[in-house]
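What follows draws every value from the coordinates through simple rules; no lab data is involved. This one's a predicted model, so the numbers in the text were calculated from it and none came from an experiment. FYI the Cβ positions are ideal-geometry reconstructions off the backbone, even for glycines, and counts take in every protein chain you see.
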Amino acid sequence: DDGNPGDPNVWLTSVSVDASRLPLGISSANVNFTGCTPGPGCKSTNGTVTYTVSDHCQSGGPIYLIATNNCPLPPNADTCSFNVTLTNDPPDITQPDSLEGYVDSVVSYTFTGDDPDGDVILDQASLTIQPSCGSYSVQRISGSGTSSGTWQVTWQTTDCQDSITYTVVHDLTDGCDTSYCTTYVHLSRPRECDDNDPFECDTLWVECGNM
């Protein structure tokens, strides 16, 4: 309100956000009036403040409002504030839970990432294979520079052990928080096939779902 409820000659002239004091992570903020718009005859009003989050990795802070009336200077303005706390949700990862593959061969699969806050997911991702063996590459194949995408994993299983399940952990980062997910890969050694009996041949199978 204008601070002078009994004086009809005093009214609000403006209520606005102090843009020079916006906290880190918020790029803009605006007042939206649901009551009267400040000006002659508007002694009190109400409304909402909308703000744009530019970086969820920041902590946020106070947003300051300045209310001014038409009295001569000084003072004819007052300031108040409310606090905004920013939080970040790391990327969601969707990947095969388990795979079957062969030693001295190639295991290849994709996983996807999507950031629930709309933050850009970094292109770089890494793998950890336990126990460590072979060599691998992980490359983003879609969505570079956006909040979602697909990554290709290629694992050369040279000198890995057969009849063992390997734990493969990959990660995605949106600039401040990192998500991790695990795919279990069981490696075996292919048997020699009997051309007269195709059921004697090993086949590669993939199982997907939520464990």
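With the requirement that a residue be in contact with a Gly (Cβ under 9 Å, 6 or more places away or on another chain) and surrounded by 15 or more Cβ atoms within 10 Å (Cβ to Cβ), what does the stretch 58-75 give you?
Going residue by residue through the stretch 58-75, those that are in contact with a Gly (Cβ under 9 Å, 6 or more places away or on another chain) are 58-61, 67, 69, 71.
Q58, G60, G61, A67, N69, C71 - these are the residues of the stretch 58-75 that are in contact with a Gly (Cβ under 9 Å, 6 or more places away or on another chain) and surrounded by 15 or more Cβ atoms within 10 Å (Cβ to Cβ).
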Taking the stretch 156-181, which residues are more than 20 Å from S59 (Cβ to Cβ) and charged (D, E, K, R)? D159, D162, D171
Failed item, numbered, when D7 is tested on (1) part of a loop (DSSP other than H, G, I, E, B); (2) buried (at least 16 other Cβ atoms within 10 Å of the Cβ); (3) out of contact with any Asp or Glu (no Cβ under 7 Å at 6 or more places or on another chain): (2)
Over the stretch 68-84, the set of residues aliphatic (A, V, I, L, M) and touching a residue at least 60 places away in the same chain (Cβ under 8 Å) is V84
Hydrophobic (A, V, I, L, M, F, W, C), in contact with a strand residue (DSSP E or B) (Cβ under 9 Å, 6 or more places away or on another chain) and buried (at least 17 other Cβ atoms within 10 Å of the Cβ): is that true of V15 in this structure? yes
Sole residue being without any contact (Cβ under 8 Å) to a residue 24 or more places away in the chain, surrounded by fewer than 14 Cβ atoms within 10 Å (Cβ to Cβ) and under 26 Å from the mean Cα position of the chain (by Cα), chosen from T50, T87: T50
